[in-house]
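Reading through the structure tokens given below for one structure.
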Amino acid sequence: MTALPAPTPGPAVALLGLGVYRPARVVPNAEIVDLIGSSDEWIRTRSGIETRRFAGADETVVSMSVAASRTALEQAGIAAEQLDCVVVATVSHLLQTPSAAAMIAEQLGATPAAAFDLSAACAGFCYGVSLASDMVRAGSAQHVLVIGVEKLSDITDPTDRSTSFIFADGAGAVVVGPTDEHGISPVVWGSDGARYDLIRQEAPWPVKVDPDPESEKGSHTLRMEGNPVFRWASFEMAKVAKQTLERAGLTVDDLDVFIPHQANMRITDAMARALKLPPHVAIARDIAQQGNTSAASVPLAMERLIADGEARRGDLALLIAFGAGLVYAAQVVRLP
Ligand code: UT7
């Protein structure tokens, strides 16, 4: 029998470039509170959110991704034609098929790169980075574009108290590719489907062949039981972060930056305390201005730290993200 060639040991892989897109419209808490009987003070105290951004009609999942990706490609010094794969982590591309990734690849000029969407909610970007790193190491791609993008304002009910003040819109992209010094640690990831119902689209998309038009009714907006998710994230995710450092052979003293999913400022604080992060470690707090942008939150927070001068290219950053499923993923990366 003819043997297939075994994969050769792969090249060193790193994040080569980063780009983001923040929608133009800034929405303060004051614009949200009346519909949910809340207050600016409650939202700031319970979540840390002061403002968020909502995309306008001309700022789509595709257009925000293309804008973020162009910056990431430019920073990486990679032409779109050099991309072998485009991975888009999102839950708010409102077509089940085709993928947002295929259209984004086309608009970037990356055709015929492989292209697909990935559904891992707020953990999607970290899932994508892990997949991309493994693709490059295994030889199935040389350069992979990983995008985290959401237009959650399309699927958030403005009258829902547990989600309307949290979720927001934006995009972030990285180019993953070969380099001299390896810059992406093994991932620690998982899921806990016993908690499937804690964050979910309320009703499935309508079934076309259903003869009863009444049964097609139902909300496609997100619902979240915030407090159980809050407790799960605050306690369980710190353990995942510790395992990630152990797998990478690092301690918190080796880190320069901590970039958790921007879910709630109190979750970030709880994880930082549990990890006993030393004072020199910069902590991403983009949620205050950006809200919770699900799959886009980690790259957006990464860019904010670099733009504000709190982190630099080459810094060692612990990423961790978690969300609907429930699912989670964490890795240590060198910042692009
Ligand atoms: O990104 C994916 C993962 N998602 C997350 O990680 C989100 C995790 N969850 C959270 O961030 C928090 O649970 C929330 C910010 C959503 C809510 O904060 P909480 O501290 O868990 O509040 P709670 O749901 O336990 O509610 C506390 C109180 C209740 O009143 P009583 O029973 O104490 O009188 C609620 O009725 O606050 C009330 N409440 C509100 N009040 C004003 C709940 N929502 C609101 C609101 N405005 N929007």
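The values are calculated or read from the model by the stated rules, or taken from the named source; none is laboratory data. Note that the structure is a prediction, hence the values are computed from the model and not measured. Each accessible area value is taken on the protein alone, full model and side chains, heavy atoms only, with ligands, DNA and RNA left out. Shrake-Rupley method; radii C 1.70, N 1.55, O 1.52, S 1.80 Å.
What does the convex hull of the Cα atoms of segment 188-334 come to per residue, in Å³, rounded to a whole number? Please report the intermediate quantities before stating the final value.
Working: hull volume 19.2 nm³, N = 147.
Convex hull of Cα atoms, per residue: 130 Å³.
Working from the pairwise distances between different alpha carbons, so that the mean of 1/r is found and then inverted, what is segment 1-111's Kirkwood radius in Å?
Values: mean 1/r = 0.0571 Å⁻¹.
17.5 Å is the Kirkwood radius here.
Suppose we keep just the alpha-carbon trace of segment 120-197; what are its Rg and Dmax in angstrom?
Using the Cα atoms of segment 120-197, the pair Rg, Dmax is 16.1, 51 Å.
Compute the relative contact order of segment 13-178 as a whole-number percentage, counting only Cα pairs closer than 8 Å that sit 6 or more residues apart in sequence.
Over segment 13-178, the number comes to 35 percent.
Once the whole set of protein chains is in place, how much accessible area is left on Cys122, using a 1.4 Å probe, in Å² to the nearest 10?
My reading of the accessible area for Cys122 is about 20 Å².
Between Ala12, Ala123, Ala238, where does the largest GNM mean-square fluctuation fall for the chain, given springs only between Cα atoms within less than 10 Å?
Of Ala12, Ala123, Ala238, the most mobile in the Gaussian network model is Ala12.
So for segment 13-178: antiparallel DSSP bridges make up what percent, rounded to the nearest 5? Don't jump to the answer; show the numbers that get you there.
Values: 20 of 30 bridges.
Of all bridge pairs located within segment 13-178, approximately 65 percent are antiparallel.
Over all Cα pairs of segment 13-178, how is the pair count split among 10 Å bins, expressed in % and running from 0 up to the last occupied bin?
So the P(r) values, bin by bin, are 11, 38, 29, 16, 6, 0.
Defining a contact as two alpha carbons under 8 Å apart and six or more residues distant in sequence, what relative contact order in percent does the chain show?
Relative contact order, the chain: 25 percent.
Using a 1.4 angstrom probe, figure out how much accessible area segment 188-334 has per residue, in square angstrom, rounded to the nearest whole. Intermediate values should be presented prior to the final figure.
On the way: 6720 Å² over 147 residues.
I get 46 Å² per residue for segment 188-334.
What helices does the chain hold that run 20 Å or longer along their axis, going by alpha-carbon atoms, with a Kyte-Doolittle average of 0.5 or more, using DSSP H for the helix calls?
Helices meeting the criterion: 61-76, 124-138.
Computing the accessible area with a 1.4 Å probe over protein heavy atoms, can you report the carbon and sulfur percentage for the chain?
With neighbouring chains kept in place, the figure for the chain is 53 percent.
Pick from Ser99, Ser162, Ser39: which residue has the top mean-square fluctuation in a GNM of the chain where Cα pairs under 10 Å get a spring?
Of Ser99, Ser162, Ser39, the most mobile in the Gaussian network model is Ser39.
Suppose a student asked you for the relative contact order of segment 224-336, using Cα pairs under 8 Å spaced at least 6 residues apart; what percent would you report?
31
Give me the percent of Cα-Cα pairs in the chain that sit more than 38 Å apart, rounded to a whole number.
I get 12 percent for the Cα pairs in the chain exceeding 38 Å.
To the nearest 500 deg cm²/dmol, what mean residue ellipticity at 222 nm is calculated for the chain from DSSP H runs of n ≥ 4 alone, each contributing -39,500 (n - 2.57), summed and divided by the residues?
After summing the helix terms and dividing by residue count, I get -9000 deg cm²/dmol.
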